[in-house]
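> I'd like to ask you about the structure that follows.
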Amino acid sequence: AYNNNVQSQNSFRSTINPFTNSSLDLNVSQPLLQGFGLALNRRTIRIAKNNLKAADYVFRQQLINTVANVVQLYWNLVAANSTVEVRKQAVSVAQKLYDDNKKQVEIGTLAPIEIVRAEAQLATGQQALVAAQSVKLQLETVLKSAISRNGIASPSISEAKLMLTDRIQIPAVEAIEPVQDLISKALDSRPDLAQSRIQIDNAQIALQGSRTALLPTLSLVGDVRNNALAGPQNELTGPCGTNTSLCIPGPTGNLVQPASIADPFFVGGYGTVLSQLLGRNFPTYSVGFNLNVPIKNRTAQANYATASVQLRQNQLQVQRQINQIRVDVQNAVTAVQQARTQYQAAVKTRILQEQTLDADQKKLADRK
């Protein structure tokens, strides 16, 4: 603190008038109970840094979701394209059956009703093909919108043809790791879980600040002050008293008493004030304690209770996320195993159907 006070008075008893009284003060206060410690006073900075990390995890989560969504859309489109190819083959087979039945009816080796049945099967196959093609076009539109800035609003994007470069490849076996290893990897890699753990850290930091607010305020205070006083010689005069030896003739001829002669050390202008301050001619020192004990301190108690509940809620949220991650991993492993079983059953069914088709074709050839 740097203070200046200039005072002028009409008294002849001051040796200097007007005078400047200045002080240069350094006051240091160290909390000993409430607010003690660097960690407590840096808690807002620590929370801000944690929030920055949390924002990075949020961005990472958004990136993972976006990539996963695009990948899922691509494989859905691949599956839809395969469905279209299968429907085309079904239509081709139905068309051949219709043509064969028509020829056999013409030569009288097959009942006319078989033409109607074959034609109905051909119509059903054509309807399924149109539906599959519609689904494929819809998925193409969704994928274009996901991988482009303006989506189908751009004519070049809307008219572009998506070329599928990767096909679904079924591995011979799934390299499935142990479930516990997969769970550990998921717990270490999930950005949302890392973000929730950061929130726990922030809640603990906030709880620390709320806890210290319950303590009384006890501060060690130290003060160092440099003082200065300077001004011109007082030129005012006063009435002459009984001691006429101190009086001098005034402007009107009557005797007046002048101000006492000032100490030359205090006579001067503001430069003298600065010289005294920097020279530390009149220093003062003080050391003490300040103690403030609040009664009940209900506000701090409420804040501490709120912070405690917030911390507990964050801990429960993290535990729920961990439990859900375990369930998701276990369900994913089960889904992979079930998909493998369904795929093997489908392969076996296809082989049996192919054998049945070959037998029917041979039987039909023998009839011809």
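> Output the residue which, of all residues in segment 188-233 that are in a strand (DSSP E or B) and of a type in the set (A, V, I, L, M, F, W, C), is nearest to the chain's Cα centre (by Cα). So that I can check it myself, show each step before the final result.
Applying the first criterion (in a strand (DSSP E or B)) to segment 188-233 yields 217-231, 233.
With the extra rule that they be of a type in the set (A, V, I, L, M, F, W, C), the set shrinks to 218, 220-221, 224, 228-230.
Details: Leu218: 37, Leu220: 39, Val221: 40, Val224: 46, Ala228: 55, Leu229: 58, Ala230: 60 Å.
In this case the residue turns out to be Leu218.
> Quick one: is Asn69 in a strand (DSSP E or B) and within 56 Å of the chain's Cα centre (by Cα)? So that I can check it myself, show each step before the final result.
Numbers: in a strand (DSSP E or B): no; within 56 Å of the chain's Cα centre (by Cα): yes.
For Asn69, the condition - in a strand (DSSP E or B) and within 56 Å of the chain's Cα centre (by Cα) - is not met.
> Among (1) at negative phi; (2) under 29 Å from the mean Cα position of the chain (by Cα); (3) buried (at least 16 other Cβ atoms within 10 Å of the Cβ), where does Thr83 come up short?
The failed condition is (2).
> Gln126 - would you say it is open to solvent by 40 Å² or more (accessible area, probe 1.4 Å), assigned to a helix (DSSP H, G or I) and closer than 30 Å to Ala48 by Cβ?
Values: open to solvent by 40 Å² or more (accessible area, probe 1.4 Å): yes; assigned to a helix (DSSP H, G or I): yes; closer than 30 Å to Ala48 by Cβ: no.
So Gln126 does not fit the description; no.
> Counting just the residues of segment 250-293 that are of a type in the set (Phe, Trp, Tyr) and exposed (fewer than 14 other Cβ atoms within 10 Å of the Cβ), which one comes out nearest to Asn3 (Cα to Cα)?
Keep residues of segment 250-293 that are of a type in the set (Phe, Trp, Tyr), which gives 265-266, 270, 282, 285, 289.
Adding the requirement that they be exposed (fewer than 14 other Cβ atoms within 10 Å of the Cβ) leaves 265, 282, 285, 289.
On the way: Phe265: 21, Phe282: 15, Tyr285: 17, Phe289: 24 Å.
Here the answer is Phe282.
> Which pairs do you get when a residue that is over 23 Å from Gln89 (Cβ atoms), found in segment 103-132, comes within reach of a residue that is surrounded by fewer than 16 Cβ atoms within 10 Å (Cβ to Cβ) and modelled with pLDDT under 90, reach meaning Cβ atoms under 6 angstrom, with the pair 6+ apart or on two chains?
Close Cβ pairs (under 6 Å, with a partner that is surrounded by fewer than 16 Cβ atoms within 10 Å (Cβ to Cβ) and modelled with pLDDT under 90) amount to Val105/Pro112.
> Can you find a residue that is open to solvent by 60 Å² or more (accessible area, probe 1.4 Å), among the β-branched types (Val, Ile, Thr) and out of contact with any strand residue (DSSP E or B) (no Cβ under 9 Å at 6 or more places or on another chain) anywhere in segment 28-41? Please lay out each step first, then the result.
Taking segment 28-41 as the starting set, the residues that turn out to be open to solvent by 60 Å² or more (accessible area, probe 1.4 Å) are 28-30, 32-34, 36, 38, 41.
Subsequent filtering for residues that are among the β-branched types (Val, Ile, Thr) retains 28.
Right, trim to out of contact with any strand residue (DSSP E or B) (no Cβ under 9 Å at 6 or more places or on another chain) and you get none.
No; the residues of segment 28-41 include none that is open to solvent by 60 Å² or more (accessible area, probe 1.4 Å), among the β-branched types (Val, Ile, Thr) and out of contact with any strand residue (DSSP E or B) (no Cβ under 9 Å at 6 or more places or on another chain).
> Which one of these does Ala48 not meet: (1) of a type outside the set (Lys, Arg); (2) within 23 Å of Asn3 (Cα to Cα); (3) out of contact with any Ser or Thr (no Cβ under 8 Å at 6 or more places or on another chain)?
For Ala48, the failing item is (2).
> Are any of the residues in segment 55-63 modelled with pLDDT under 90, within 30 Å of Ala307 (Cα to Cα), of a type in the set (Phe, Trp, Tyr) and open to solvent by 60 Å² or more (accessible area, probe 1.4 Å)? So that I can check it myself, show each step before the final result.
First pass over segment 55-63, keeping only residues modelled with pLDDT under 90: none.
No; the residues of segment 55-63 include none that is modelled with pLDDT under 90, within 30 Å of Ala307 (Cα to Cα), of a type in the set (Phe, Trp, Tyr) and open to solvent by 60 Å² or more (accessible area, probe 1.4 Å).
> Something else about it: With the structure loaded, tell me whether Asp358 is of a type in the set (D, E, K, R) and either open to solvent by 70 Å² or more (accessible area, probe 1.4 Å) or modelled with pLDDT under 90 (or both) or whether it fails that test. Please lay out each step first, then the result.
Working: of a type in the set (D, E, K, R): yes; either open to solvent by 70 Å² or more (accessible area, probe 1.4 Å) or modelled with pLDDT under 90 (or both): yes.
Yes.
> Could I ask something else about it? Out of curiosity, is Lys185 open to solvent by 80 Å² or more (accessible area, probe 1.4 Å), among the basic types (Lys, Arg) and more than 38 Å from the chain's Cα centre (by Cα)?
Spelling it out, it is not the case that Lys185 is open to solvent by 80 Å² or more (accessible area, probe 1.4 Å), among the basic types (Lys, Arg) and more than 38 Å from the chain's Cα centre (by Cα).
> Pairs only if they're at least six apart or on different chains, beta carbon under 6 angstrom, first in segment 279-290 and part of a strand (DSSP E or B), second of a type in the set (Asp, Glu); list them, first residue then second.
Taking only residues 6 or more apart or on different chains, the pairs are Ser286/Asp223.
> Go through the residues of segment 156-175 one by one and say whether even a single one is among the hydroxyl-bearing types (Ser, Thr, Tyr), open to solvent by 70 Å² or more (accessible area, probe 1.4 Å), at negative phi and out of contact with any His (no Cβ under 8 Å at 6 or more places or on another chain). Show your work before the answer.
Quick first cut of segment 156-175, residues among the hydroxyl-bearing types (Ser, Thr, Tyr) only: 156, 158, 165.
In the following step, the residues that additionally are open to solvent by 70 Å² or more (accessible area, probe 1.4 Å) were identified as 156, 165.
Those still in the list that are at negative phi too: 156, 165.
After this cut, where a residue has to be out of contact with any His (no Cβ under 8 Å at 6 or more places or on another chain) as well, the list is 156, 165.
Within segment 156-175, one or more residues are among the hydroxyl-bearing types (Ser, Thr, Tyr), open to solvent by 70 Å² or more (accessible area, probe 1.4 Å), at negative phi and out of contact with any His (no Cβ under 8 Å at 6 or more places or on another chain).
> Starting from segment 65-93, keep only residues that are under 24 Å from Ala118 (Cα atoms), then list their pairs with residues that are among the charged types (D, E, K, R) and in a helix (DSSP H, G or I) whose Cβ atoms are within a distance under 9 Å, requiring at least 6 positions of separation or different chains.
Thr83/Lys136; Val84/Lys136
> Residue check: is Leu207 in contact (Cβ under 8 Å) with a residue 40 or more places away in the chain and open to solvent by 30 Å² or more (accessible area, probe 1.4 Å)?
The answer is no for Leu207.
> Also: Is it the case that Glu106 is within 47 Å of the chain's Cα centre (by Cα) and open to solvent by 70 Å² or more (accessible area, probe 1.4 Å)?
Numbers: within 47 Å of the chain's Cα centre (by Cα): no; open to solvent by 70 Å² or more (accessible area, probe 1.4 Å): yes.
When the stated conditions are applied, Glu106 does not pass them.
The values are calculated or read from the model by the stated rules, or taken from the named source; none is laboratory data. All values derive from a computational prediction rather than experimental measurement. Cβ atoms come from the backbone with ideal geometry, glycine included; neighbour counts cover every protein chain shown. Surface areas here come from the heavy atoms of the whole protein model, side chains and all, with no ligands, DNA or RNA. Shrake-Rupley method; radii C 1.70, N 1.55, O 1.52, S 1.80 Å.
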